Amino acid sequence: MPSILTIIAALLALCFLPWPYRFFRNFYYARKSVVSVPLRPVLQKILPKILFERIVLAIYGWEFHDKLRPFEQYAAPQGNDKTFFLVTAGLSEITTRDPEVAWQIVSRPKDFQQAQWIAAFIGKFGANILTTNGATWSRQRKIITSVINERVSKVIFGESLKHTSGMMGEVFDQVDGNVAETTEVFNMMKKITINVLAGGAMGQDVTWNSDRDDRPRPGYKMTYMQSCKTVIEAVAGPIILPIWFLKGYPSFLPGHKFISELGVAVEEFPAHTKHLMQMETERAERGSGQTRSNIASQLLRANRGDDKSNASLTDEELIGNLFVVSAAGFDTTANTLSYALALLCRYPEVQDWMFEEVDELLSDDMDDDLDYVAIFPRVVRIMAIMLETLRLFVPVVHLAKETSVPQMIETSAGTLRAPAGCTMYVDVVGLHLIPEIWRNLNLSDKGTEARKTVGVDDGSALADEHVFRPTRWINPPESAQSLYQPPRGCYMPWSGGPRICPGQKMAQVEFTAIFLGLFRRHRIEAVPLHKDGAEETVSERNLRLDALMKDSVSLLTLQMQGVYHASEGTGGSTKGVNVRISKRR
């Protein structure tokens, strides 16, 4: 009769036996591909550099911090510096920065489907265009894309200008003069975007001070905007926790206030959304079927008809897609605005370049209520600043897709084979740094080098593709298009192919309107720090801003650390960035 130790040993062997099998299976798959084979350790411990450099490939968001190093270190020696197969004892993973491979992945949604784990975070309130595949996704996509139209863009443009004006009023309200300093400007970007979404997406009549003036409806603890903002800020993690855990989280444990508020928000957000949708339905009925130009109203119009129709959205899908519009629109736009402001503080000469166009478009005697149709199509330099910001600080550092059956991708370098159950990562950061595409693009004087920027780590000069230079997007005057159009597969801040973000135009409109409102009469700069009685030099300020942007983390999207919630700093901390906004005309 076998001893208890023998039984335990046998059980442990059965538990761990699949690991070596999966490892060698994935190694076999990798060898069949035309890609390299870096080994990913299972345990993440404090290890020597040679091992740590491999471990970082298991850390979410490594693409932003490591840039092209893994491809140069692991893939290039194998003969392909654009794609590698990550061999593990678990699932198969392929990461690519090859535009040919990337484009095929995003343009074949039936073969490379949305990763299932995304639904745990983004599908909390219902299936939506980010979490579904196949016919369900096609049905939802058709309705959503018909909704985000020029009528909505016009509303977004107006709401953005209105709330930017409210922000500037608050900044200068306590100042006697033409110069104001604040550490809250990045927080205010978040406030503008949530206000614009409330007005443009849900049709609410929102003022700049609504967050202070509004009160919850009877029977509720939060307003719609409070619940929306709370769940969005938790999308990257705690939102996946069950509501009973959130509401019952012990008060003596760290984070109790936020977790308990999240429990309330998760419970009340769907109810608030249903209430707002009901109000929009009643307005349309009172107006003989006429709909307003916000997303909720347009979505209800597009979704009218037989409730049993396969072409319509269920109530759960309506709420799920409105949440996605809010979450994606809020987080991506707010962080892109924040990076752009930090970059303009870092590169004041780019501000001067931008002012030339702003002053030409908006004269002093022009009304503050700008015409979207007349102004937006003519804004080129602000758009170039947005595109360049997204190139260097892309919100989603990689696109994750999955294969359900084996797939093949034919490229100029050969055939890439992906096994069934393989996760395909498109490294968007890597695509945005391709030297052959981006280096010295649209330089006015080809005989001179691009402006050099010193690296934060070693003080060496950076290659042009790593430098913030919005002029690379401006085509020569004789070109058919004012803005550079990258080759397909080389630029994907909004993804690409059939699943490209339907809110792309809306984000561009909002960014442009906010920058027009902010920089029409003002400029921005980082306030120099003082240490030991001496003011930091311009070079020291630039290095500080470079370090600030480099110290970013990927949560729901890429964002700087320590720039938001500046008022919560305690103990003499330097949370936030003090900026000076001054009137220039």
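For segment 110-137, the residues whose backbone nitrogen is under 12 Å from a point 7 Å from the Cα of S495, taken along Cα to Cβ, are 110, 112-116, 118-119, 128-134, 137.
For a straight C-alpha distance cut-off of 18 angstrom, the aspartates and glutamates reachable from K531 (same-chain residues fewer than eight places away being disregarded) are E540.
Computed with every protein chain present, the accessible area of S260 is close to 30 Å² [probe 1.4 Å]. Overall form of segment 144-272: oblate. Here a/c, set by the Cα gyration tensor axes a ≥ b ≥ c, is 1.5 or more, and a/b is not larger than b/c.
Amide H to amide H distances under 5 Å link N440 with D464, E465, where only residues 5 or more positions off or on other chains count and H is placed in the peptide plane. Pairs exceeding 26 Å between alpha-carbon atoms, taken from K190/K550; K67/K154; K124/K401; K67/K142: K67/K154; K67/K142. At full extension, S482 and T136 could sit 120.8 nm farther apart than now, given 0.36 nm per residue minus the alpha carbon distance. Judged by the gyration tensor of its Cα atoms, with axes a ≥ b ≥ c, segment 234-304 is prolate; a/c meets the 1.5 cut and a/b is the larger of a/b and b/c. Where a ≥ b ≥ c are the square roots of the eigenvalues of the C-alpha gyration tensor, would you call segment 301-421 rounded, which needs a/c under 1.5, or, failing that, prolate if a/b is larger than b/c, or oblate? Oblate is the answer for segment 301-421, as a/c is 1.5 or above yet b/c matches or exceeds a/b. The stretch between D173 and Q278 holds 34.0 nm of extra length on full extension. This uses 0.36 nm per residue minus the Cα-Cα distance. Given the C-alpha centroids of segment 378-451 and segment 192-243, what is the distance between them in whole angstrom? Centre-to-centre (Cα) distance: 34 Å. If the chain linking D364 and S251 were pulled fully straight, counting 0.36 nm for each residue of separation and taking away their Cα-Cα distance, it would gain 35.1 nm.
Distance between the pseudo-spin-label points of W117 and A534 (7 Å out from Cα toward the beta carbon): 4.8 nm. The relative contact order of segment 135-269, computed from alpha carbon pairs under 8 Å that lie at least 6 residues apart in sequence, is 19 percent. What FRET efficiency comes out for the pair N475/Y60, r = Cβ-Cβ distance, R0 = 35 Å, nearest 0.05? Computed FRET efficiency for N475 and Y60: 0.45.
The values are calculated or read from the model by the stated rules, or taken from the named source; none is laboratory data. Values in this document were obtained by computation on a predicted structure and should not be read as measured data. We place every Cβ from the backbone using ideal geometry, glycine too, and count neighbours over all the protein chains shown. The area values use the complete protein model at the heavy-atom level, side chains included, leaving out ligands, DNA and RNA. Shrake-Rupley method; radii C 1.70, N 1.55, O 1.52, S 1.80 Å.
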